[in-house]
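Bear in mind these aren't lab numbers, they're just calculated from the coordinates by the rules spelled out. Keep in mind that what you see is a predicted model, and the values were worked out from it rather than measured. Cβ placement follows ideal geometry from the backbone for every residue including glycine, while neighbour counts extend to all protein chains displayed.
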Amino acid sequence: MKTIRFFAAVAAMLVLLLPAAGPTFAAAAEGAGAFKKDKAIEIPFGVPVDEAWAKNPANYAVYEKPDPDIKIPVETVSLDARKTTATLGFKDPLNTAAEYVVDAKDVTSAGKVIGSRSFLIKKSQAQVLFTIILGAMLINNFVFTKYLGLCIFFGVSQKKETAIGMGITFTLVMTLTAIFAWLLYNWVLKPLHLDFLKIIVFIGTTAIFVQFADTILRKVNPYLFKKLGVYLVLIVTNCIILAVPLIQTDSGYGPLQSISLGVGAGVGFAIALFLMACVREKLEVCRVPPTFAGLPIAFIVTGLFALAFLGFSGLSIF
Amino acid sequence: MIKYIKLLWNGLIPENPIFRLALSLCPAVAVTTSVANGLMLGLAVVFVQVFSSCTVAIFRSFIHPRIRIPAYVIVIALWVSVIDMILPVISPEVYDKVKLFVKLIVVFAIIISRLELFASKQPLVPSFFDGLGMGIGFLFGLCLIGAIRELSGAGQLFGYDVLGGVKPLLVMILPTGGFFVIGFIMATFNWLEYKITGKIPASGGGH
């Protein structure tokens, strides 16, 4: 029961944080432009500008910050009702992870030219991190859309109790592994040009933290330790934990992004385990055809969950 | 010779890693959206399984039983690193789709369980055939699932249109389809065993 209350508290905190985070993001974008979805940029002038000047796409030069020579053509321009904010529309989707610069030439206000303006457009760090967490948790849930960690998923999802315990252990181990793998890769392997050893190094890191979780859990919660049994040690040979460091090195994530990926993947896995455990407790008393009993029916149920999680694929907040 | 053929057959059907032992299911669902992907990963697994089995069989008397698991993991990681460098040269496009799972072969339960159960106790030649049998069994499983999903989902086989542009069940190449196909194939195997032996087999290990 304690663990369920803990989960409820975490969920409540997340819900409270969401609206509070809104203004922070807006404040971070002040004085600069902001992305509107991935095909438009919004730039505030601060003063009402002339419509005839603002509606001419030739007055704007847009480029990615690292290459000022590659200009991105502006397709449409629209002004808001107060004529202080322009929205530039583009034909191709922008890479919202990169930084863009918008140069507005000879800004004209009330018939007078008041000089050129430059705007920097980038996502704030908080936005990027939140997107990674949400992506790993729901949109690309590691179990239902990336099919990682199925062995443990089917192994410990028989009871809600063990599922919650395993979920928390997993999140902890995964976050710690993500941090350490980042440190090892960027501070040891890369400077020494030993990239090709990363598989061996990462699996060693994972093994250390599983041993760590094993020792702690044995003291803190011997009952749960007994329940998890062999699956606790099996975390070492689990693809989901090894996948996190591999994905973060492939995508070139920074330290904070790596931690977010670890947390998101862990929480996503915990959610998947808990959902599955709820269904499997009910399945115990159902009359399943004998040839489907056990794993086959569990697979069909997982397939249905995956179908439901497909609904998250269109989700994008920023 | 009969003994060796038996070992090969054992890995293919009676102890098929995917459908009977229910080991290493993650890649079985993930990469099998087409036969080519399944074939690529299956070949990588055959390579790693055979070479790891042979390595462990040769050095089995030098490995202290207490540190055997870390030793096995290092051996597997070594061969995975090798195949991870070979595959992109053979077929860059297909490798791009399966590269995460090629690296994850290190943690496939099937490989380490064969090392523990077979190669650590048997000499080189039987270990070779056991590894080959298990690898081919895995390859067979991946190709079967891949063929079913590609045919029913995209109406193609190996990228060639075979159903005249008809795409019967798009859901099969989506994440969901993999789970359904494996569930139904497992049930079919159970049903066949029931018809032949008259009893419902216990479900697989699941890890």
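Table for the structure above
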read-out	value
Check: the protein assembly as shown dipole with +1 on Lys, Arg Cβ and -1 on Asp, Glu Cβ, in debye	1580 debye
Ranked list, fewest to most other Cβ atoms within 10 Å of each Cβ, for B:Lys6, B:Lys99, B:Lys199	B:Lys199, B:Lys6, B:Lys99
Dipole moment magnitude, nearest 20 debye, region A:32-123 about Cα centre, only Lys, Arg, Asp, Glu C-beta charged	240 debye
Additional length obtainable on full extension of the chain from A:Gln158 to A:Glu64, 0.36 nm per residue less Cα span	28.8 nm
Dimensions (Å) - region A:120-265, Cα atoms, principal axes, largest first	53, 34, 26
Cross-link partners of A:Lys282 among lysines (Cα-Cα below 18 Å; sequence separation of 8 or more within a chain)	A:Lys159, A:Lys160
Sum of -39500 (n - 2.57) over DSSP H runs of 4+, divided by residues of chain B (222 nm, nearest 500)	-22000 deg cm²/dmol
Mean ellipticity per residue at 222 nm, deg cm²/dmol - from DSSP H runs of n ≥ 4 across chain A, formula -39500 (n - 2.57)	-16500 deg cm²/dmol
Charge dipole (debye, nearest 20) of chain B; +1 at Cβ of Lys and Arg, -1 at Cβ of Asp and Glu	580 debye
Dipole of region B:2-197 [Lys/Arg +1, Asp/Glu -1 at C-beta], most positive-end residue of B:Ile145, B:Met172, B:Pro70	B:Pro70
Exercise: per-residue mean of other protein chain Cβ atoms within 10 Å, A:283-292	3
Helix runs (DSSP H) in chain B reaching 30 Å along axis by Cα, Kyte-Doolittle at least 0.5	B:35-58, B:68-90, B:124-154, B:175-197
Rounded, prolate or oblate (a/c below 1.5 giving rounded, otherwise prolate when a/b exceeds b/c) for chain A by Cα gyration tensor	prolate
Footprinting exposure proxy for A:Asp214, A:Asp67, A:Asp195 (fewest neighbouring C-beta atoms within 10 Å first)	A:Asp67, A:Asp195, A:Asp214
Whether region A:32-123 is rounded, prolate or oblate, judged on the alpha carbon gyration tensor where a/c under 1.5 counts as rounded	prolate
Length gained when the stretch B:Ile86-B:Asp161 is fully extended (0.36 nm per residue, less Cα-Cα span)	24.0 nm
Pairwise label distance in nanometres, A:Thr76 with A:Glu51, each label 7 Å out on the Cα-Cβ vector	1.7 nm
For A:Tyr223, A:Tyr231, order by how many other beta-carbon atoms lie within 10 Å, fewest first	A:Tyr223, A:Tyr231
Whole-angstrom Cα spans of region B:71-119 along principal axes, big to small	36, 15, 14
Normalised contact order of chain A, rounded percent, pairs of Cα under 8 Å and 6 or more residues apart	20 percent
Rounded if a/c under 1.5, otherwise prolate or oblate - chain B, Cα gyration tensor axes	oblate
Pairs beyond 25 Å (Cα-Cα), from A:Lys146/B:Lys199; A:Lys36/A:Lys105; A:Lys55/A:Lys91	A:Lys146/B:Lys199
Degrees between helix A:239-250 axis and first principal axis of chain A (Cα, 0 to 90, nearest 10)	20 degrees
Rel. contact order, % - alpha carbon contacts under 8 angstrom, at least six apart, chain B	36 percent
